[in-house]
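Visitor: Take a look at this one; I'll ask things after.
The values are calculated or read from the model by the stated rules, or taken from the named source; none is laboratory data. Everything quoted here is computed from the prediction, not taken from an experiment. Cβ placement follows ideal geometry from the backbone for every residue including glycine, while neighbour counts extend to all protein chains displayed. Areas reflect the complete protein model, heavy atoms only, side chains present, ligands, DNA and RNA absent. Shrake-Rupley method; radii C 1.70, N 1.55, O 1.52, S 1.80 Å.
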Amino acid sequence: MASRRKVACVLGIDTSNYTTSLCAIDAQDGKMLAESRTLLRVANGAKGLRQSEAVFQHVQNLPKMMAALQDQLTRDGIEPRFVHVAASVRPRPWATSYMPAFHAGASFGLAIAQMLSIPMTRTSHQEGHLAAAEYFEPMPPTPFVAIHISGGTCDVMVAKRTPFGYQIVRVGEGADLHVGQFVDRVGVALGLPFPAGPHLEALSRVDLHLTDQFELPAPVRGARMSFSGPLTKALTAIEQGVPGPVVARAVQSCIARALTKSVEYVIRTHRDPLAHVLIAGGVAANREIQREVVARLGRRLRNVHIAFAPSLFARDNALGVAQIGYWRIHA
């Protein structure tokens, strides 16, 4: 039997509203070694999960994801020695931010940390998204525009990395619906599975020859995006028989235009120059939205670098949470 190399590891844990995620990274160089995750089950036609159901599913999933993580490490010839645990314990990085689903991961992480007598870093789901994106697209040490768009968040921020996560100032948010809620409600109305993001993107690429002219408004006030009006118009269009692919493309374009307006507002009005934009969260995994945002901002703003996490790591994952634990070790 081939010998395995012993590696000091950081374990990252994230239990969001729809995904149970674990990740192991090398505690010496920060390199990702293995990751495992699974979506929570949502009944067909449902528009979400109760928090009690999400917590219950996380409790069931965490041992399975830990076994899957260990299997990956073993296949790669790694014998992990966990020296630090990091877990997301709240949605956003402030004390009033609360969601019961994160208790599952926080409790699991604390039990492991206490059993192994190792430190545990507590962070937020939002910071984990930014750190996961930075693993692939590092930002400068100066402030940058950060956008987190998902089923539960529509935040426009000015962020700066610290040794313990991020210093964040929120400058805009969803005025009514979060971006992911907009996508999911349209998707469910179109008969797509929940969460609908990847399915809506796939639908938008069907029947590209359709020439129906249909556009949704993209209301933005300052950096605050509003999607209740676009949602109403999209649902009406579906009832009136506008083809699904046409509606899907209109939804993506609406989101891209709203993001563009918000980013431009922040960059043009902020007291200090901002030259980097990082867009993270599940909705940011949509390649069509990415392409339109880059094209529109490229025409309107000069010398601004726009970065997205790779689609797989724009969605909920524990890589960024583990990264924050790694930063804490080396602070």
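Visitor: Net charge within 14 Å of Pro100 by Cβ-Cβ distance, Lys/Arg positive one each and Asp/Glu negative one each, not counting Pro100 itself?
Guide: Its environment carries a net charge of +1.
Visitor: If each residue of separation counts as 0.36 nm, what is the full-extension length gain between Val169 and Ala275 once their alpha-carbon separation is subtracted?
Guide: In short, 36.5 nm is gained.
Visitor: Just to confirm, what accessible area per residue do you get for the chain at 1.4 Å probe, in whole Å²?
Guide: That works out to 45 Å² for each residue.
Visitor: Quick one: divide the alpha-carbon radius of gyration of region 171-287 by 2.2 N^0.38 Å and tell me what you get.
Guide: The reported ratio for this selection is 1.10.
Visitor: Can you find, among Ala202, Gly165, Tyr135, the residue farthest towards the positive end of the dipole of region 130-207? Put +1 on the C-beta of Lys and Arg, -1 on that of Asp and Glu.
Guide: Going by the Cα projections, it comes out as Gly165.
Visitor: What distance in nm lies between label points placed 7 Å from Cα along the C-beta direction at Glu79 and Arg5?
Guide: 1.4
Visitor: Around Ser262, what is the net charge, scoring Lys/Arg as +1 and Asp/Glu as -1 over all other residues with Cβ under 15 Å from its Cβ?
Guide: Summing Lys/Arg as +1 and Asp/Glu as -1 gives +3.
Visitor: Probe radius 1.4 Å, ligands and nucleic acids left out: which of His276, His209, His84 has the largest accessible area, and how do the rest follow?
Guide: From most exposed to least exposed: His209, His276, His84.
Visitor: With a cut-off of 8 Å between alpha carbons and a minimum separation of six or more residues, what is the relative contact order of the chain in percent?
Guide: Over the chain, the number comes to 23 percent.
Visitor: So, one more: Summing Lys, Arg as +1 and Asp, Glu as -1, what charge do residues with Cβ under 15 Å from the Cβ of Lys47 carry, Lys47 excluded?
Guide: +1
Visitor: Once neighbouring chains are kept in place and the probe is 1.4 Å, which whole percent of the accessible area of the chain is contributed by carbon and sulfur?
Guide: Whole-percent figure for carbon plus sulfur exposure: 51.
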